[in-house]
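Below is one structure, written out as structure tokens, with a few remarks after it.
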Amino acid sequence: MHKWLCPNRTECWAARTATLMIGGNICTRSCKFCNTLSGRPGKLDTDEPRRVAESVKALGLKYAVITSVDRDDLPDYGAEHWAETIRRIRIENPQTLIEVLIPDFMGRPELIAKVMAARPNVAGHNMETVRRLTPGVRSVAQYNRSLDVLCEITRSGVMSKTGFMVGLGETCEEVEQLMDDILATGCRRLTIGQYLQPTAKHLPVSEYVTPEQFVNYRKTALDKGFKFVESGPLVRSSYHAERAFKQV
């Protein structure tokens, strides 16, 4: 879902929180749940980190969430661009909290470490779905690789975060196993939301999960050991991001 279609955008704006996407608007991957354009990206804009930092300042953001398309066409998959963006935001906006939602960088720990060395306040990487459904939902990403990314974030000392969707055909038992796998990485912050089919070309919705079940998932996650959980039909990765940081 494009950020300008997010159902929670007015609530986030009111809290002076916003999400900005870097790396261009064309992704090298073609995940079956995502409405971001896929194809061959153009040349990376090396001036983008400066402009992002200035945008954060102009908007007066208290909490900036940075995400990106996948750039598998680049030798470092965009890791240095990520690090420079964080550094520039920090220089221009020393009081702004920075959360990043990073790609998997093909699981290369040295690239994840490079981004974490820029010291964002929070670093997220989404699991998206349960193990069984991952190959049919995500075009390149792998379940175990994403768990490894979360391990690397935790190992760096940066607060880690992840999220997944329901309504794709998963079972409750598979969701609980996913929770256990996430906890084993050291990650303790979680978002759970309903998958919504962006276009007719994307995966159909298998189930509209009831609000009651979202409440149950939240209770289960907290009982298992998560410190902060947002769980609801319209919850997205950055929902109540600033609140989660302050509470944890």
Worksheet item: With respect to the numbered conditions (1) outside any helix (DSSP H, G or I); (2) surrounded by 19 or more Cβ atoms within 10 Å (Cβ to Cβ); (3) among the hydroxyl-bearing types (Ser, Thr, Tyr), which one is the sole condition not fulfilled by Ser206?
Response: (2)
Discussion item. Tell me whether the stretch 82-97 contains one or more residues that are under 18 Å from the mean Cα position of the chain (by Cα), assigned to a loop (DSSP other than H, G, I, E, B) and not acidic (Asp, Glu).
Written reply: no
Discussion item. Suppose we filter the stretch 155-193 for residues that are among the polar types (S, T, N, Q) and over 16 Å from Thr220 (Cβ atoms); how many remain?
Written reply: 3
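Matching residues to (1) surrounded by 14 or more Cβ atoms within 10 Å (Cβ to Cβ); (2) hydrophobic (A, V, I, L, M, F, W, C); (3) at pLDDT 95 or above:
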residue	(1), (2), (3)
Arg9	yes, no, no
Trp13	no, yes, no
Arg16	yes, no, no
Cys31	yes, yes, yes
Leu44	yes, yes, yes
Glu48	yes, no, yes
Ala58	no, yes, yes
Asp76	yes, no, yes
Arg88	yes, no, yes
Worksheet item: Looking at the stretch 198-248, which of its residues are closer than 30 Å to Leu37 by Cβ, hydrophobic (A, V, I, L, M, F, W, C) and touching a helix residue (DSSP H, G or I) at 6+ places or on another chain (Cβ under 7 Å)?
Response: Leu203
Worksheet item: If you check Gly193 against the conditions, is it more than 27 Å from Thr36 (Cα to Cα), touching a residue at least 24 places away in the same chain (Cβ under 8 Å) and touching a helix residue (DSSP H, G or I) at 6+ places or on another chain (Cβ under 9 Å)?
Response: no
Discussion item. Considering only residues that are part of a helix (DSSP H, G or I), surrounded by fewer than 16 Cβ atoms within 10 Å (Cβ to Cβ) and touching a residue at least 12 places away in the same chain (Cβ under 8 Å), which ones fall in the stretch 114-144?
Written reply: Gly136
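The values are calculated or read from the model by the stated rules, or taken from the named source; none is laboratory data. For clarity, every value in this text was computed on a predicted model and none was experimentally measured. Positions of Cβ are generated from backbone atoms using ideal geometry, with glycine treated the same way; all protein chains shown enter the neighbour counts.
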